[in-house]
Amino acid sequence: MGITVEELVALPELGTRVVAGAGGLDRQIGWAHACELPAPWDWLGAGDLLLTTGLGVPAGAVEQVEFLTQIASAGLVGVAVAEGMHAPPLEAEALAAADALRLPVLLTRYEIPFVALARAVAGANQEEERERLTRTQRLYEQMRLLTADTQLSPLLAALSREVGAFLAVADPRSNLVTGASHDTTVSGEVLEELRSIDPSSRPAVIRLRGGDTVALALPAPRPSFLVARPLTGAPLDVGLLQHVAAVVATQRAAAVAGRERARRVGASLLAQLVDGRIDPVAAHEQLSDRGLDGGVLVVSACTGDDADPDLTGLHHVLDDAGFGHLLLTRSHITYALTGAGEPVDLLTAALPDGGRVGVSEPFTAVAAAPEAPRQARWALHVAQVRQDRATRYGEAVGASAFLPRSLEESSDAAREVLGALLDYDAAHDSRLVQSLQVFLEENRSWQRAAGRLIIHKQTLVYRMDRVEQITGRHLDRISDVTELWLALQAATASGLLDPSH
């Protein structure tokens, strides 16, 4: 058995006495630890005794009451304050609050080092610490046994049994929760609370509002949180949970190398599919290896934001969810080949706030794969025009009264106005279409457009003269400028023009 607060105070050599909270003297101390931070409950856990010289103890009755309330809510068994050091006087209201909370508040004589209290607790808890060490070893053994499994769910289930807590990994950016199929602990409110946490001031242990649930931050490859809730009435062992977080982080890091290889191979396969460069039989075999055979498929065109234009972590979201997929990024558009059901909703949830998704028509034959990205890009264009989060190709009708209403009409309209210019660029390896697009995007500012294109202003003047000659339209006429601009939008949406220009 360990040592209680009352038994610790009874040791005369420790020079410690009780000044409040005597109703909690029967509490057993799991560990004694010094902490001078203003929020020690973020760093210590249930069963711990806080040792402090008083640097983190606030002055003022209201602040001290809140300080002790937070300590009690975190499950700490008491506070030992060094006499004659840095602590402000403990107010009567604070001592009364400690009595009401049954939270022992102790005073330790100035000459008694805190290490003496810590050793007394450690010595009395040797048997419990041996058991705790054994449990910790079992946690890392679970990681070794499941090292070949890149999925988190089996590991979380095994770790949950060891620590007696429900465990899940929550990614508040994508709203993806792994390990929570039969539990409502990670609700929308919890995800929103995790999203609101400032990474620069994030504590080691985050105590979530409204319950006994805690979260621990997990590092890259994609910052997430380990969320834990006790399965019984026993408090969570924060020390063990930190080992759990280390095990989960190690497993996730080990999976990264394999996932990156799979992503690169998948990108090559998707490129061959959409470019029509692969035999259908070979394609079916490789799709089968990816869990994408025998079903209805779609291609989604996704865009990110300025911070992550190429959606570099998207494959982790799909891998964690267990969905087969292929990803290919071209000109800052990420194409995702997935099943036609739930993965599309997951893609939408995984995008940053400014991201958009366009989804192709469903298809089953490999021969239909080259058309799917064009449909997806058209739908993406419609989503961007409408400011919708996602648009499916079949719904992409009437995005604008001034733009074509389908992929075919868009391509035809673009060719009607820009066909000769596109053909000239292709034949002469020139950049007249790109120069026209940038010129119009910069509101016909010669200086800004030339700066973006990294050419001399006179070179841009020459190029625009050639555009007018080849298209038969004039850039000083608003009707011609409007027609050229709408044709450029149609060319981009139908895939005739690279959107990165």
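For the range 299-308: of the residues being assigned to a strand (DSSP E or B) and in contact with a Gly (Cβ under 6 Å, 6 or more places away or on another chain), which is surrounded by the most Cβ atoms within 10 Å (Cβ to Cβ)? It would help to see each step written out before you state the result.
Going through the range 299-308, the residues assigned to a strand (DSSP E or B) turn out to be 299-303.
Cutting the leftovers down to in contact with a Gly (Cβ under 6 Å, 6 or more places away or on another chain) gives us 301, 303.
On the way: Ala301: 28, Thr303: 21.
Only one residue tops the list, namely Ala301.
Can you spot a residue in the range 34-47 that is modelled with pLDDT of 95 or more, within 38 Å of the chain's Cα centre (by Cα) and open to solvent by less than 30 Å² (accessible area, probe 1.4 Å)?
Scanning the range 34-47, I find no residue that is modelled with pLDDT of 95 or more, within 38 Å of the chain's Cα centre (by Cα) and open to solvent by less than 30 Å² (accessible area, probe 1.4 Å), so the answer is no.
Listed here are the residues, each with its yes/no results for (1) closer than 20 Å to Ser411 by Cα; (2) among the aliphatic types (A, V, I, L, M).
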residue: Ile333; (1), (2): yes, yes
residue: Leu337; (1), (2): no, yes
residue: Asp345; (1), (2): no, no
residue: Ala349; (1), (2): no, yes
residue: Gly358; (1), (2): yes, no
residue: Thr364; (1), (2): no, no
residue: Ala367; (1), (2): no, yes
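Screening Leu8 on (1) in a loop (DSSP other than H, G, I, E, B); (2) surrounded by 14 or more Cβ atoms within 10 Å (Cβ to Cβ) shows it passes everything except condition (1). Within the range 20-33, being open to solvent by 40 Å² or more (accessible area, probe 1.4 Å), under 13 Å from Leu8 (Cβ atoms) and either under 33 Å from the mean Cα position of the chain (by Cα) or of a type outside the set (D, E, K, R) (or both) holds for Gln28, Trp31. Taken over the range 441-472, the criterion of being among the β-branched types (Val, Ile, Thr) and not in a loop (DSSP other than H, G, I, E, B) is satisfied by Thr459, Val461, Val467, Ile470, Thr471. Taking Glu63 as the residue in question, decide whether it is in contact with a Lys or Arg (Cβ under 7 Å, 6 or more places away or on another chain), surrounded by fewer than 21 Cβ atoms within 10 Å (Cβ to Cβ) and not small (Gly, Ala, Ser). The answer is no for Glu63.
Please verify whether Ala87 is surrounded by fewer than 23 Cβ atoms within 10 Å (Cβ to Cβ) and either at pLDDT below 90 or small (Gly, Ala, Ser) (or both), treating the condition exactly as stated. Against the criterion (surrounded by fewer than 23 Cβ atoms within 10 Å (Cβ to Cβ) and either at pLDDT below 90 or small (Gly, Ala, Ser) (or both)), Ala87 qualifies.
How about the range 258-296: which of its residues are small (Gly, Ala, Ser), part of a helix (DSSP H, G or I), within 22 Å of Gly322 (Cβ to Cβ) and open to solvent by 50 Å² or more (accessible area, probe 1.4 Å)? Steps first, please.
Let us first name the residues in the range 258-296 that are small (Gly, Ala, Ser), namely 258, 262, 266-268, 271, 276, 282-283, 288, 291, 294-295.
When the remaining residues are screened for being part of a helix (DSSP H, G or I), the result is 258, 262, 266-268, 271, 282-283, 288.
Right, trim to within 22 Å of Gly322 (Cβ to Cβ) and you get 258, 262, 266-267, 288.
Listed by number, the list holds a single entry, Ser288.
Scanning the range 340-388 for residues that are of a type in the set (Gly, Ala, Ser), in a helix (DSSP H, G or I) and more than 23 Å from the chain's Cα centre (by Cα) returns Ala367, Ala368, Ala372, Ala376, Ala379, Ala383.
How about the range 109-133: which of its residues are part of a loop (DSSP other than H, G, I, E, B) and either at pLDDT 80 or above or open to solvent by 40 Å² or more (accessible area, probe 1.4 Å) (or both)? Working first, answer last.
First, pick out the residues of the range 109-133 that are part of a loop (DSSP other than H, G, I, E, B): 109-113, 125.
Correct list: Arg109, Tyr110, Glu111, Ile112, Pro113.
The number of residues in the range 231-244 being closer than 11 Å to Leu167 by Cα and open to solvent by 10 Å² or more (accessible area, probe 1.4 Å) comes to 1. For Gly354, the conditions (1) open to solvent by 10 Å² or more (accessible area, probe 1.4 Å); (2) at pLDDT 85 or above; (3) in contact with an Asp or Glu (Cβ under 7 Å, 6 or more places away or on another chain) are fulfilled apart from (2).
Looking at Thr250, Thr213, can you tell me which residue is at pLDDT 80 or above, under 29 Å from Asp345 (Cβ atoms) and either open to solvent by less than 20 Å² (accessible area, probe 1.4 Å) or not aliphatic (A, V, I, L, M) (or both)? Spell out the reasoning first.
Working: Thr250 fails: under 29 Å from Asp345 (Cβ atoms).
Every option except Thr213 fails the conditions.
When the range 18-41 is filtered for residues that are touching a residue at least 24 places away in the same chain (Cβ under 8 Å) and closer than 19 Å to Ala97 by Cβ, the ones remaining, listed by number, are Val18, Val19, Ala20, Gly21, Ala22, Gly23, Gly24, Leu25, Arg27, Ala39, Pro40, Trp41. Please verify whether Asp48 is in contact with a Lys or Arg (Cβ under 8 Å, 6 or more places away or on another chain) and among the acidic types (Asp, Glu), treating the condition exactly as stated. No: the conditions fail for Asp48.
Within the range 367-400, count every residue that is crowded, with 24+ Cβ neighbours inside 10 Å, modelled with pLDDT under 85 and touching an Asp or Glu at 6+ places or on another chain (Cβ under 9 Å). Residues flagged as crowded, with 24+ Cβ neighbours inside 10 Å, modelled with pLDDT under 85 and touching an Asp or Glu at 6+ places or on another chain (Cβ under 9 Å) within the range 367-400 amount to 2. When Gln469, Gln434 are checked against the criterion of being crowded, with 16+ Cβ neighbours inside 10 Å and modelled with pLDDT of 90 or more, Gln434 stands alone in meeting it.
Test of understanding: among Leu440, Leu486, Leu421, which residue is modelled with pLDDT under 90 and either under 29 Å from Arg392 (Cβ atoms) or open to solvent by less than 40 Å² (accessible area, probe 1.4 Å) (or both)?
Leu486
Within the set Gly84, Gly75, the sole residue that is touching a residue at least 24 places away in the same chain (Cβ under 8 Å), over 20 Å from Thr16 (Cα atoms) and part of a loop (DSSP other than H, G, I, E, B) turns out to be Gly75.
So, in the range 321-334, of the ones that are open to solvent by 10 Å² or more (accessible area, probe 1.4 Å) and among the hydrophobic types (A, V, I, L, M, F, W, C), which residue ends up nearest to Leu497 (Cα to Cα)? Spell out the reasoning first.
First pass over the range 321-334, keeping only residues open to solvent by 10 Å² or more (accessible area, probe 1.4 Å): 321-325, 327-333.
Still in the list and also among the hydrophobic types (A, V, I, L, M, F, W, C): 321, 323, 327-328, 333.
Values: Ala321: 34, Phe323: 32, Leu327: 21, Leu328: 18, Ile333: 13 Å.
Looking at residues that are open to solvent by 10 Å² or more (accessible area, probe 1.4 Å) and among the hydrophobic types (A, V, I, L, M, F, W, C), I get Ile333.
Please find, among Leu311, Leu318, Leu337, the residue that is assigned to a loop (DSSP other than H, G, I, E, B) and surrounded by 21 or more Cβ atoms within 10 Å (Cβ to Cβ). Give the derivation first.
Numbers: Leu318 fails: assigned to a loop (DSSP other than H, G, I, E, B); Leu337 fails: assigned to a loop (DSSP other than H, G, I, E, B).
Checking each option against the conditions leaves just Leu311.
Pull up the range 254-302, narrow it to residues that are basic (Lys, Arg) and without any contact (Cβ under 8 Å) to a residue 12 or more places away in the chain, then point me to the one that is farthest from Ala376 (Cα to Cα). Steps first, answer last, please.
Quick first cut of the range 254-302, residues basic (Lys, Arg) only: 259, 261, 263-264, 277, 290.
Still in the list and also without any contact (Cβ under 8 Å) to a residue 12 or more places away in the chain: 261, 264, 277.
On the way: Arg261: 26, Arg264: 21, Arg277: 20 Å.
Here the residue is Arg261.
The values are calculated or read from the model by the stated rules, or taken from the named source; none is laboratory data. Quantities reported herein were computed from a predicted structural model and do not represent experimental measurements. Every residue, glycine among them, receives a Cβ derived from its backbone with ideal geometry; neighbour counts consider all protein chains shown. Areas reflect the complete protein model, heavy atoms only, side chains present, ligands, DNA and RNA absent. Shrake-Rupley method; radii C 1.70, N 1.55, O 1.52, S 1.80 Å.
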